[in-house]
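Comments concern the structure below.
The values are calculated or read from the model by the stated rules, or taken from the named source; none is laboratory data. Keep in mind that this is a model prediction, so the values were computed, not measured. Note: ideal-geometry Cβ built from the backbone for every residue, glycine included; neighbour counts use all protein chains shown. Accessible surface is based on the protein model in full, side chains and every heavy atom, while ligands, DNA and RNA are left aside. Shrake-Rupley method; radii C 1.70, N 1.55, O 1.52, S 1.80 Å.
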Amino acid sequence: MTIARYRAAERTGVTFDAEHTVLVGDTPRDVEAGRRTGVRVVAVASGRSTASDLRAAGAEDVLPDLTDVSSLVRMLVPGEGR
């Protein structure tokens, strides 16, 4: 279990397995960390990394920023038409 999932479990009392965890990040290293731990990744190209950089790192879901809430929800919530 990753540190983030461990801390979330400590705070909530809920165990977060890889299937039910989504990493939201904005760098290729974030994408690589998510892929390495087996969680879904939503990459956001709002920082220094471009959408192309994030896709090249292995991100399947990439947003230009977090202003399109509908798209973000579709990527985060199972069954929302990902």
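Looking at the structure I just gave you, is ARG36 free of Cβ contacts under 8 Å to residues at least 12 places away in the same chain and among the charged types (D, E, K, R)?
Taking the combined requirement at face value, the residue satisfies it.
Going by the conditions given, is VAL73 in contact with a strand residue (DSSP E or B) (Cβ under 9 Å, 6 or more places away or on another chain), part of a helix (DSSP H, G or I) and modelled with pLDDT of 90 or more?
Details: in contact with a strand residue (DSSP E or B) (Cβ under 9 Å, 6 or more places away or on another chain): no; part of a helix (DSSP H, G or I): yes; modelled with pLDDT of 90 or more: yes.
Answer is no for this residue.
Could you check the stretch 39-62 and list, in sequence order, the residues that are open to solvent by 60 Å² or more (accessible area, probe 1.4 Å) and either touching a residue at least 40 places away in the same chain (Cβ under 8 Å) or in contact with a helix residue (DSSP H, G or I) (Cβ under 8 Å, 6 or more places away or on another chain) (or both)? Talk me through it step by step, then tell me what you get.
Of the stretch 39-62, the ones open to solvent by 60 Å² or more (accessible area, probe 1.4 Å) are 40, 46, 48, 50, 52-53, 55-56, 60.
Once the filter is applied, which keeps residues that are open to solvent by 60 Å² or more (accessible area, probe 1.4 Å) and either touching a residue at least 40 places away in the same chain (Cβ under 8 Å) or in contact with a helix residue (DSSP H, G or I) (Cβ under 8 Å, 6 or more places away or on another chain) (or both), the stretch 39-62 yields ARG40, ASP53, ALA56.
Give the residue that is most open to solvent (accessible area, probe 1.4 Å), with candidates limited to residues of the stretch 1-32 that are among the basic types (Lys, Arg) and closer than 24 Å to LEU63 by Cα.
ARG29
What single numbered condition from (1) open to solvent by 40 Å² or more (accessible area, probe 1.4 Å); (2) part of a helix (DSSP H, G or I) fails to hold for ASP65?
(2)
Could you run through the stretch 1-46 and say how many residues are more than 20 Å from MET75 (Cα to Cα) and of a type in the set (Asp, Glu)?
Matching residues across the stretch 1-46 total 1.
What are the residues in the stretch 38-66 that are modelled with pLDDT of 95 or more and among the hydroxyl-bearing types (Ser, Thr, Tyr), if any?
Answer for the stretch 38-66, where residues must be modelled with pLDDT of 95 or more and among the hydroxyl-bearing types (Ser, Thr, Tyr): SER49, THR50, SER52.
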